[in-house]
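Enquirer: Here it is: the structure, laid out below.
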Amino acid sequence: MSSPANRDHPHDHAGHGHDGHHDEGAHGSLRGYVIGFVLSVVLTAIPFWLVMGKVIPGSGMTAFVILAFAVVQILVHMVYFLHMNTKSEGGWNMLALIFTLVLVVILLAGSLWVMHHLNTNMMPMSPHDMRNMP
């Protein structure tokens, strides 16, 4: 016989590795996916409007704002679609993410540093010198 608590859930979850508690962060709900989708659309539409409407006068500042929106959108995708948090996979997902971010920052900063120094240390060429180039 099943107890009153088990009438709503007739399956025995003990043999399936379930303890009766659902981890809300492990599986997405329709509400979570809709929130993620709406945030993704908004975080795409705003930078598009900023560029097409020339809302910010400087191109450097516009690029910085777009990059900021891109970072926020990456976080939205990770939380709402990939369901990453500090508790998933015992924290190893977050550790792998932090390691990846450190490598990306080192790679980008090093590339920009090398390109800047190559640009400043190159010998300037006059238009006269350019005519003799093959």
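Bear in mind that the values in this text are calculations on the coordinates, not laboratory data. The model shown is predicted, which means the values in this text are computed figures rather than measured ones. As a convention, Cβ positions derive from the backbone with ideal geometry for all residues, glycine included, and neighbour counts pool all protein chains shown.
Enquirer: What shape does the range 27-83 take by its C-alpha gyration tensor, where a ≥ b ≥ c are the square roots of the eigenvalues and a/c under 1.5 counts as rounded, a/b above b/c as prolate, and the rest as oblate?
Expert: oblate
Enquirer: For the pair Trp49 and Phe37, how long in nm is the line joining their label points, each one 7 Å along Cα→Cβ?
Expert: About 2.1 nm, to one decimal.
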